[in-house]
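See below for the structure under consideration.
The values are calculated or read from the model by the stated rules, or taken from the named source; none is laboratory data. All values derive from a computational prediction rather than experimental measurement. Backbone-built Cβ (ideal geometry, glycine too); neighbour counts: all protein chains shown.
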Amino acid sequence: MNLAMTHPLFIDINASHADDNAFPTSIAWSLPDGTIKSVIISPDSDWDPWDNASPDVDIQHLLDQGVSGPDVIREMNEDLDGQTVFVDGLDEDELLLELLFETYDNTFGFELATISKLNSQYTFEELLLIRSQIADEYQFNLDLAEENIQALLHLSERL
């Protein structure tokens, strides 16, 4: 009998900037055991990375250290296949994922849902407030995908 705790799955994506023509720069997702995977994404030339990034995004670093889109997609689909994966609903996570997958003619192997689906006893705003309190408590930077996932995992444990 397996007594290991299973956690809800979460995903978060950082974007090159806040505008409509942004592209994904990094992505983090959790596994059922609470492990977090995080990767830097090498931008596709179709995304015009040199023209579509805020000044604080190091495009050369993304190109040098990033994982190719097809490799990111393959690993995510393997890890998350057939599962419901939760997003905080604040970012344009779904649009960024669609851009990533459509660029490489691929489809999600998983379903996205907002964190409001985690627990119907709390409103979306209450869940965000609890997550913010957790972030303050653990000094997580919610602007970083991996740290946001950590906060969301703690949130799921408190529910």
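Based on this model, can you work out whether L128 counts as over 21 Å from S38 (Cα atoms), touching a Leu at 6+ places or on another chain (Cβ under 7 Å) and either surrounded by 12 or more Cβ atoms within 10 Å (Cβ to Cβ) or touching a residue at least 60 places away in the same chain (Cβ under 8 Å) (or both)? Here the answer is no, as L128 does not meet what is asked.
Restricting attention to the range 23-51, the residues that are in contact with an Asp or Glu (Cβ under 8 Å, 6 or more places away or on another chain), more than 20 Å from L142 (Cβ to Cβ) and either hydroxyl-bearing (S, T, Y) or modelled with pLDDT under 95 (or both) add up to 0.
Selection of the range 135-159 for residues being touching a residue at least 60 places away in the same chain (Cβ under 8 Å), more than 17 Å from K117 (Cα to Cα) and not in a loop (DSSP other than H, G, I, E, B) yields A145, E146, N148, Q150. With the condition kept exactly as written, say whether any residue in the range 28-37 is more than 18 Å from E98 (Cβ to Cβ) and aromatic (F, W, Y). No, because not a single residue in the range 28-37 is more than 18 Å from E98 (Cβ to Cβ) and aromatic (F, W, Y). Candidates are the residues of the range 131-159 that are among the hydroxyl-bearing types (S, T, Y) and surrounded by 14 or more Cβ atoms within 10 Å (Cβ to Cβ); the one that is nearest to V85 (Cα to Cα) is S156.
Screening the candidates D79, D71 for the property of being in contact with a Leu (Cβ under 8 Å, 6 or more places away or on another chain), within 21 Å of L9 (Cβ to Cβ) and of a type in the set (D, E, K, R) yields one hit, D79.
Of the candidates N14, N21, the single residue that is over 27 Å from A151 (Cβ atoms), polar (S, T, N, Q) and surrounded by 11 or more Cβ atoms within 10 Å (Cβ to Cβ) is N21. Inspect all residues belonging to the range 53-65 and state whether any of them is modelled with pLDDT of 95 or more, surrounded by 14 or more Cβ atoms within 10 Å (Cβ to Cβ) and touching a helix residue (DSSP H, G or I) at 6+ places or on another chain (Cβ under 6 Å). No, because not a single residue in the range 53-65 is modelled with pLDDT of 95 or more, surrounded by 14 or more Cβ atoms within 10 Å (Cβ to Cβ) and touching a helix residue (DSSP H, G or I) at 6+ places or on another chain (Cβ under 6 Å). Which of (1) out of contact with any helix residue (DSSP H, G or I) (no Cβ under 9 Å at 6 or more places or on another chain); (2) in a helix (DSSP H, G or I) is the odd one out, the single condition F101 does not satisfy? So F101 meets the others, but not (1).
Of the candidates S116, S120, the single residue that is assigned to a loop (DSSP other than H, G, I, E, B) and either closer than 12 Å to L9 by Cα or free of Cβ contacts under 8 Å to residues at least 40 places away in the same chain (or both) is S120.
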